[in-house]
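Reading through the structure tokens given below for one structure.
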Amino acid sequence: MTEAWTLGDDDDDLAGALSGPVRVRVPAKINLHLGVGPLRSDGYHELHTVYHAISVYDEVTARAGDTLSLTMQGEGVGELELDDSNLIIRAAHALAATAKVPAQARLHLRKTIPLAGGLAGGSADAAATLVALDALWGTGLGRDELARIAATLGSDVPFLLYGGTALGTGHGEAVSPVLARANRWHWVVAFADGGLSTPRVYGELDRMRAAGTAPAPLNSSDDLLSALRQRDPAVLGAALGNDLQAAALSLRPALADTLDVGDKAGALASLVSGSGPTCVFLARDEAHGADLAQALRESGLCRGVQQAYGAVHGARIG
Ligand code: ATP
């Protein structure tokens, strides 16, 4: 049996204005396949990626207010600016401008997704804000219109509106559903100390490619897409790949030790998530995931270790 993932699945969430607080939960993403093409003249790299939403969540709550304000708790308190540079505030202004409503709301972020971790937490927060304020303000915009606004905020934002497993092209903003078995894949997520700047990791890949020290670019995602149509996690594990991994390891060599712990503990695949430094490990099942998580904790190399599963829905009220 195959599961079709359709755009607009959650349009029910969006009908009508809500008076009370609107709470939206949004997942982190990993890239099951991240193929990085050459640098384009507009400064972006051409990407061919397979996104996968996993059960590590941030939460954005929106309440009616006379001005636009943002508070937060959790990961990144004291580090993350809560001013106009924050993607949550940028998303609120972008939605208000499109919907022609005043940008007024009290927003609160509960953050679990680490900053600059390669899990697109900022993009996730932007997607959650669009969904929350769309409901609070009753803008009547559909998911497709929200996706158009999302694409102006960042390459990963449209995917995080939808979630699931999806192909991303262009610079990642053009998403289309992937037909996958209705299967739950089990992951272990290892958080590292500090973040890695995404532009810096891309820059390092460009440098390595120019110097001839980068590994060969990934082939097409055909093997991965075929693996997603099967139920065997070992087949999926063999098909995972990330062109940014070598660059992330070059900037943060200690991550190789973390990957090694996963490999030695029997992970079906160990890889850097996106631009890193978070690493993800594929397990056979939940019990195997618990064993891998234990080995990673005992290694003392990680700031935190969490079991997760995918694919999960994108930004959703509730
Ligand atoms: P990406 O791969 O999309 O760059 P990432 O997971 O590596 O994602 P994020 O945590 O999404 O990194 O954010 C990268 C930068 O974006 C942060 O260092 C921060 O300066 C900025 N930013 C703005 N708003 C947010 C937000 N709400 N949460 C996290 N980062 C934010």
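Along the range 180-185, what does the Karplus equation 6.51 cos²θ - 1.76 cosθ + 1.60 (θ = phi - 60°) give for ³J(HN,Hα), rounded to whole Hz, x for Gly and Pro?
9, 4, 6, 10, 9, 9
I'd like the orientation of helix 198-211 relative to the chain: the angle between its Cα long axis and the longest Cα principal axis, in ° from 0 to 90, rounded to 10.
It works out to around 40 degrees.
Using only Cα atoms, locate the centre of the range 275-307 and the centre of the range 69-130, then give the distance between them in Å, rounded to an integer.
Answer, in whole Å: 28.
If you stretched the chain out fully between A174 and D257, how much longer would it get, using 0.36 nm times the residue separation minus the C-alpha to C-alpha distance? Present the calculation step by step, with values, prior to reporting the outcome.
Numbers: separation 83, 0.36 × 83 = 29.88 nm, distance 3.45 nm.
Fully extending the segment from A174 to D257 adds 26.4 nm.
For K111, which lysines qualify as cross-link partners when the Cα separation must be under 19 Å and same-chain residues fewer than eight apart are set aside?
Cross-link targets: K29.
Which far-off residues, 5 or more places away or on another chain, put their amide H under 5 Å from the one on L70, with H placed in the peptide plane?
For L70, the qualifying residues are L107.
Determine the per residue accessible area of the range 162-318 with all protein chains present and a 1.4 angstrom probe, expressed in square angstrom.
Accessible surface, normalised per residue, equals 43 Å².
For G164, enumerate residues with amide H under 5 Å from its amide H, sequence gap 5+ or separate chain, H modeled in the peptide plane.
For G164, the qualifying residues are A53, V312, H313, G314.
Sorted by mean Cβ packing within 10 Å, highest first, what order do the peptides 23-30, 170-177 take?
Values: 23-30: 26.8, 170-177: 18.9.
The peptides rank, most packed first, as 23-30, 170-177.
Taking 30 Å as R0, compute the FRET efficiency from the Cβ-Cβ separation of R297 and A234 and round it to 0.05.
Numbers: r = 24 Å, r/R0 = 0.80.
It comes out at approximately 0.80.
Test of understanding: express the Cα radius of gyration of the range 22-178 as a ratio to 2.2 N^0.38 Å, with N the residue count. Walk me through the numbers on the way to the answer.
Working: Rg = 15.1 Å, N = 157, 2.2 N^0.38 = 15.0 Å.
For the range 22-178, the normalised Cα radius of gyration comes out at 1.00.
Could you work out how far helix 255-264 tilts from the main Cα principal axis of the chain, as a 0 to 90 degree angle to the nearest 10?
70
Rounded to the nearest whole Å³, what is the per residue volume of the convex hull around the Cα atoms of the chain? Provide the component values of the computation, followed by the final result.
Details: hull volume 39.1 nm³, N = 318.
Normalising the Cα hull of the chain by residue number yields 123 Å³.
Considering only protein heavy atoms and a probe of 1.4 Å, how much of the accessible area of the chain is carbon and sulfur, as a whole percent?
Details: 6530 of 13250 Å².
Ligands and nucleic acids excluded, carbon and sulfur reach 49 percent.
Determine ³J(HN,Hα), in whole Hz, for all residues of the range 164-170 in sequence, where each value follows from phi through the Karplus function 6.51 cos²θ - 1.76 cosθ + 1.60 and θ = phi - 60°; x replaces Gly and Pro.
Karplus values, whole Hz, x for Gly and Pro: x, 10, 8, 7, x, 10, x.
Would you please put 75-86, 199-210, 127-138 in order of how densely packed they are, using the mean number of other Cβ atoms within 10 angstrom per residue and starting with the highest?
Numbers: 75-86: 13.2, 199-210: 16.2, 127-138: 27.4.
So the peptides 75-86, 199-210, 127-138, ranked by packing, come out 127-138, 199-210, 75-86.
Can you tell me the relative contact order of the chain? Whole percent, Cα pairs under 8 Å, sequence separation 6 or more. If you can, show how the numbers build up before the last one.
Numbers: 758 pairs, mean separation 82.8, N = 318.
Here the relative contact order equals 26 percent.
Using a cut-off of 15 Å between alpha-carbon atoms, which aspartates and glutamates can reach K264, once sequence neighbours fewer than 8 places away in the same chain are excluded?
Hits, sequence-local ones excluded: D291, E298.
Run the simple label-point estimate for K100 and Y44 please: 7 Å along Cα→C-beta, distance reported in nm.
2.8
Note the angle between two axes, namely the Cα long axis of helix 87-99 and the longest principal axis of the Cα atoms of the chain, as a number of degrees from 0 to 90, rounded to the nearest 10.
50
The values are calculated or read from the model by the stated rules, or taken from the named source; none is laboratory data. These numbers were taken from a predicted model, which means no experiment stands behind them. Neighbour counts run over all protein chains shown; Cβ positions are idealised from the backbone, glycine included. Just so you know, the surface numbers come from the protein's heavy atoms only, side chains and all, with ligands and any DNA or RNA stripped out. Shrake-Rupley method; radii C 1.70, N 1.55, O 1.52, S 1.80 Å.
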